[in-house]
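Q: I have a structure I would like to understand better, so I am pasting it below and will then ask my questions one at a time.
The values are calculated or read from the model by the stated rules, or taken from the named source; none is laboratory data. Nothing here was measured: the structure is a model prediction, and the numbers come from that model. Here the Cβ is made from the backbone with ideal geometry for all residues, glycine too, and neighbour counts use every protein chain on show.
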């Protein structure tokens with residue numbers, strides 16, 4: 001079945017997304033899609049502050065443009081992140097759009113918005129509507145030298161749409177689809193004069209459930225607006241505001257595993273050593289009580305000044321202010337209990353939690369750069385400083401024992417979430433954090449010859465954390481404080497060499513630092529540990545040929561993280577630093593446009609990740625085991641064909657993810673999956689298209705990601721359909 005569908009998918013072609021293409025005669029439709037992703041001579045600001053092109057950057061850098069997003073039908077941040085070659089993503093309730101990249105996840109992958117890291121991705125990332133992003137830039141591997149602690153597995157930068165001086169125009173996209181999913185988005189660019197331009201975008205998405213799960217209504221909305229003032233060719237001033245909010249009713253926390261003895265339709269997509277299985281009969285079940293939800297409301301104000309001072313000198317300054325309120329009201333553990341007389345089918349025990357975040361953040365970064373000739377050689381360098389301040393409060397409340405009864409997996413009486421404060425007597429703790437970071441950094445790129453470029457960078461961070469934990473259940477109330485200081489130093493050195501024929505070789509060595517746990521959420525005990533250290537070596541090739549109609553990038557890498565938390569082998573009750581984790585692998589991406597009507601794309605990633613040294617509570621040795629949510633292999637392919645003489649475009653996509661484990665003991669394994677999507681687009685007017693899209697064509701039943709506890713897995717969405725109208729005028 002899969003083979004036949006793959007043949008059909010490969011024969012299809014892709015949506016031209018004319019909202020982002022110039023008007024063409026009917027026999028000259030140009031496919032816009034994967035071929036845009038790997039343009040090596042385009043800039044990628046995330047990979048360097050020296051205005052290096054992707055070819056010049058000695059690292060794997062990739063860009064997913066807004067055209068790519070629409071071409072592939074990527075509606076949310078999670079879908080976009082999962083589209084990064086070699087990465088997978090999942091909607092863990094406390095960390096929507098969690099990402100695994102190069103064998104590392106959670107706090108080890110940094111997510112930015114417009115180049116600013118507000119905090120650890122596990123705290124701030126939400127499953128935002130992708131309409132607001134002009135592009136998503138990615139640098140893989142350690143990048144602490146650019147963005148500070150946390151950037152070990154890589155960095156993802158969501159770059160919002162901004163005004164342009166190309167006249168007045170509007171864009172819109174409206175879609176309806178399965179599970180009563182409705183999306184309405186729009187944007188306008190207004191050029192007031194040759195010195196002032198404005199841009200505003202809005203989006204709203206509503207769905208009964210993106211995963212087709214019971215009682216899981218989803219709403220997300222966004223408003224972004226900006227003004228760009230350019231009084232001269234040498235000076236530009238950008239002022240912008242972004243606002244996003246979302247809410248997920250009865251937050252879906254994945255499907256809990258049940259005993260094979262009670263399963264009514266056991267699936268083969270998961271194997272475990274304890275007899276637990278995924279029961280397909282429970283596919284749509286949601287065991288959160290009525291009134292449970294997850295939501296966020298966040299606003300960002302920012303400005304950017306760029307000033308060319310003359311003589312190759314330039315100055316840039318970013319100022320960002322951010323505030324957010326988040327709520328996580330849910331049953332965070334749903335654990336299978338063996339059958340009893342009261343529950344002959346077994347039951348799920350549930351612990352109810354309420355978490356609330358109140359966060360404010362501001363950041364100031366200034367950089368001076370120069371591009372000039374030094375001793376007859378072109379030299380680009382930048383030096384700068386950055387300061388940010390975060391105030392973060394997190395109230396955590398856990399329900400009293402027995403506040404909500406256990407439930408039958410097959411006939412769940414989920415009950416209601418308690419709202420009275422008196423129901424939360426087992427945990428009522430307030431965590432207060434103030435985080436101040438002062439950083440200085442420098443970067444240099446020297447052309448030893450016109451083809452040979454050497455790049456280096458250095459960053460020093462002075463991090464001051466004030467942490468207070470108040471336990472309101474203790475009598476009298478207790479207060480614990482900690483004030484750790486961290487002084488990490490990160491650096492990188494790399495080189496690119498441009499061979500003839502459009503082939504560039506590169507290599508680099510980089511370092512990174514990562515806290516032992518999420519810095520704003522770590523326990524008082526964990527504040528006593530120093531930061532972990534990461535280092536990486538990478539080499540690769542970047543190639544363009546046939547008048548840039550073929551682009552290939554390949555990389556091989558090795559990453560190691562030392563000083564992760566482990567247990568003292570002599571006394572497993574004592575937590576110490578000394579553990580380590582590593583990964584090595586390779587990645588290959590290809591984009592080709594053999595003809596004006598046909599474009600092809602493919603990627604392949606292989607990761608060999610393991611714990612080099614790890615002992616957990618009770619003395620359990622995990623050395624040699626594979627980290628959770630880390631498949632060995634990911635692969636994707638797409639084909640796009642615009643039928644000559646018609647306004648019809650067809651598309652096909654195939655995606656493969658190999659198996660992964662949900663636990664560090666490697667006792668619960670999720671099997672791999674292959675899924676297929678396709679679309680048919682009709683260009684109804686010069687700048688409007690109507691697209692019918694099908695996702696998961698074979699209705700594949702598969703597990704997408706695991707979260708907490710390890711016995712919950714997130715089931716991928718079943719086959720679904722969507723009809724979308726995109727227009728540009």
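Q: Just checking: which of the strands (runs of 3 or more DSSP E) contained wholly in region 672-729 hold 3 or more residues that are free of Cβ contacts under 8 Å to residues at least 60 places away in the same chain and farther than 22 Å from residue 646 by Cα? Spell out the reasoning first.
A: Working: elements: 673-685, 688-695, 703-706, 712-715, 720-728.
Passing ranges: none, list empty.
Q: In addition: Determine if region 324-347 includes at least one residue that is under 30 Å from residue 146 (Cβ atoms), surrounded by fewer than 16 Cβ atoms within 10 Å (Cβ to Cβ) and free of Cβ contacts under 8 Å to residues at least 60 places away in the same chain.
A: So the first thing to find is which residues in region 324-347 are under 30 Å from residue 146 (Cβ atoms), and the list is 324-326.
Among the residues that remain, those that are also surrounded by fewer than 16 Cβ atoms within 10 Å (Cβ to Cβ) are: 325.
Of the ones still in play, those that are also free of Cβ contacts under 8 Å to residues at least 60 places away in the same chain are 325.
Scanning region 324-347 turns up at least one residue that is under 30 Å from residue 146 (Cβ atoms), surrounded by fewer than 16 Cβ atoms within 10 Å (Cβ to Cβ) and free of Cβ contacts under 8 Å to residues at least 60 places away in the same chain.
Q: Sort out which residues of region 278-294 are within 19 Å of residue 673 (Cα to Cα) and either touching a helix residue (DSSP H, G or I) at 6+ places or on another chain (Cβ under 7 Å) or surrounded by fewer than 21 Cβ atoms within 10 Å (Cβ to Cβ) (or both), and write them in order of number. Walk me through it before giving the result.
A: So the first thing to find is which residues in region 278-294 are within 19 Å of residue 673 (Cα to Cα), and the list is 278-280, 283.
If the condition is that a residue be within 19 Å of residue 673 (Cα to Cα) and either touching a helix residue (DSSP H, G or I) at 6+ places or on another chain (Cβ under 7 Å) or surrounded by fewer than 21 Cβ atoms within 10 Å (Cβ to Cβ) (or both), then 280, 283 are the ones that fit.
Q: Output the residue which, of all residues in region 295-317 that are surrounded by 20 or more Cβ atoms within 10 Å (Cβ to Cβ) and under 30 Å from residue 94 (Cβ atoms), is farthest from the chain's Cα centre (by Cα). Full working, then the answer.
A: Taking region 295-317 first, the residues surrounded by 20 or more Cβ atoms within 10 Å (Cβ to Cβ) are 296, 298, 300, 302, 304.
Add one more test, that the residue is under 30 Å from residue 94 (Cβ atoms), and what stays is 296, 298, 300, 302.
Numbers: 296: 17, 298: 17, 300: 19, 302: 22 Å.
Top of the filtered list is 302.
Q: Considering region 385-421 alone, what residues qualify as being over 17 Å from residue 335 (Cβ atoms) and in a loop (DSSP other than H, G, I, E, B)?
A: 400, 411, 413, 417, 418, 419, 420
Q: While we're looking at this one, here's another question. Among the listed residues 527, 518, which satisfies the condition of being out of contact with any helix residue (DSSP H, G or I) (no Cβ under 7 Å at 6 or more places or on another chain) and either assigned to a loop (DSSP other than H, G, I, E, B) or modelled with pLDDT under 95 (or both)? First the steps, then the outcome.
A: Working: 518 fails: out of contact with any helix residue (DSSP H, G or I) (no Cβ under 7 Å at 6 or more places or on another chain).
Going through 527, 518 in turn, just one is out of contact with any helix residue (DSSP H, G or I) (no Cβ under 7 Å at 6 or more places or on another chain) and either assigned to a loop (DSSP other than H, G, I, E, B) or modelled with pLDDT under 95 (or both): 527.
Q: Being part of a strand (DSSP E or B), out of contact with any helix residue (DSSP H, G or I) (no Cβ under 9 Å at 6 or more places or on another chain) and closer than 18 Å to residue 241 by Cα is the filter here, so list the residues in region 147-190 that pass it. Talk me through it step by step, then tell me what you get.
A: Taking region 147-190 first, the residues part of a strand (DSSP E or B) are 154-160, 169-177, 181-190.
Still in the running and out of contact with any helix residue (DSSP H, G or I) (no Cβ under 9 Å at 6 or more places or on another chain): 169-170, 174-177, 181-182, 184, 188-190.
Once the filter is applied, which keeps residues that are part of a strand (DSSP E or B), out of contact with any helix residue (DSSP H, G or I) (no Cβ under 9 Å at 6 or more places or on another chain) and closer than 18 Å to residue 241 by Cα, region 147-190 yields 188, 189, 190.
Q: Take the conditions surrounded by fewer than 16 Cβ atoms within 10 Å (Cβ to Cβ) and within 32 Å of the chain's Cα centre (by Cα) and apply them to residue 356. Does it pass?
A: Details: surrounded by fewer than 16 Cβ atoms within 10 Å (Cβ to Cβ): yes; within 32 Å of the chain's Cα centre (by Cα): yes.
Against the criterion (surrounded by fewer than 16 Cβ atoms within 10 Å (Cβ to Cβ) and within 32 Å of the chain's Cα centre (by Cα)), residue 356 qualifies.
Q: For the condition under 30 Å from residue 110 (Cβ atoms), surrounded by fewer than 22 Cβ atoms within 10 Å (Cβ to Cβ) and under 20 Å from the mean Cα position of the chain (by Cα), what is the one hit in 164, 159, 155? Even if it seems obvious, please write down each step before you answer.
A: Details: 164 fails: under 20 Å from the mean Cα position of the chain (by Cα); 155 fails: surrounded by fewer than 22 Cβ atoms within 10 Å (Cβ to Cβ).
Step by step, each of 164, 159, 155 is checked, and only 159 is under 30 Å from residue 110 (Cβ atoms), surrounded by fewer than 22 Cβ atoms within 10 Å (Cβ to Cβ) and under 20 Å from the mean Cα position of the chain (by Cα).
Q: Quick one: what pairs do we get from region 195-206, first residue more than 18 Å from residue 239 (Cβ to Cβ), second outside any strand (DSSP E or B), C-beta under 8 Å, 6+ apart or different chains?
A: Once the first residue is more than 18 Å from residue 239 (Cβ to Cβ) and sits in region 195-206, its partners that are outside any strand (DSSP E or B) give 203/131; 203/132; 205/75; 206/180; 206/217.
Q: Identify all residues within region 405-427 that are at pLDDT below 85 and surrounded by fewer than 20 Cβ atoms within 10 Å (Cβ to Cβ); write none if there are none. So that I can check it myself, show each step before the final result.
A: Start the filter on region 405-427 by keeping residues that are at pLDDT below 85, which leaves 405, 418-427.
405, 418, 419, 420, 421, 422, 423, 425, 426, 427, listed by residue number.
Q: Further question: Please go through region 261-293 and give me each residue that is touching a strand residue (DSSP E or B) at 6+ places or on another chain (Cβ under 7 Å), part of a loop (DSSP other than H, G, I, E, B) and closer than 16 Å to residue 671 by Cα, ordered by number.
A: Correct list: 267, 269, 275, 278.
Q: Does residue 553 qualify as being in contact with a helix residue (DSSP H, G or I) (Cβ under 8 Å, 6 or more places away or on another chain), surrounded by 16 or more Cβ atoms within 10 Å (Cβ to Cβ), at pLDDT 90 or above and over 30 Å from residue 619 (Cα atoms)? Break it down into steps so the answer makes sense when it comes.
A: Numbers: in contact with a helix residue (DSSP H, G or I) (Cβ under 8 Å, 6 or more places away or on another chain): no; surrounded by 16 or more Cβ atoms within 10 Å (Cβ to Cβ): yes; at pLDDT 90 or above: yes; over 30 Å from residue 619 (Cα atoms): yes.
For residue 553, the condition - in contact with a helix residue (DSSP H, G or I) (Cβ under 8 Å, 6 or more places away or on another chain), surrounded by 16 or more Cβ atoms within 10 Å (Cβ to Cβ), at pLDDT 90 or above and over 30 Å from residue 619 (Cα atoms) - is not met.
Q: What tally of residues in region 500-542 results from selecting those that are crowded, with 19+ Cβ neighbours inside 10 Å, within 27 Å of the chain's Cα centre (by Cα) and more than 21 Å from residue 462 (Cα to Cα)?
A: 6
Q: State whether one or more residues within region 372-384 are closer than 27 Å to residue 526 by Cβ and either part of a strand (DSSP E or B) or free of Cβ contacts under 8 Å to residues at least 60 places away in the same chain (or both). Show your work before the answer.
A: Here is the first cut: in region 372-384, the ones closer than 27 Å to residue 526 by Cβ are none.
For region 372-384, residues closer than 27 Å to residue 526 by Cβ and either part of a strand (DSSP E or B) or free of Cβ contacts under 8 Å to residues at least 60 places away in the same chain (or both): absent.
Q: So which residues in region 447-475 are exposed (fewer than 15 other Cβ atoms within 10 Å of the Cβ) and either without any contact (Cβ under 8 Å) to a residue 24 or more places away in the chain or in a loop (DSSP other than H, G, I, E, B) (or both)?
A: Listed by number, the residues that qualify are 448, 449, 450, 451, 473, 474, 475.
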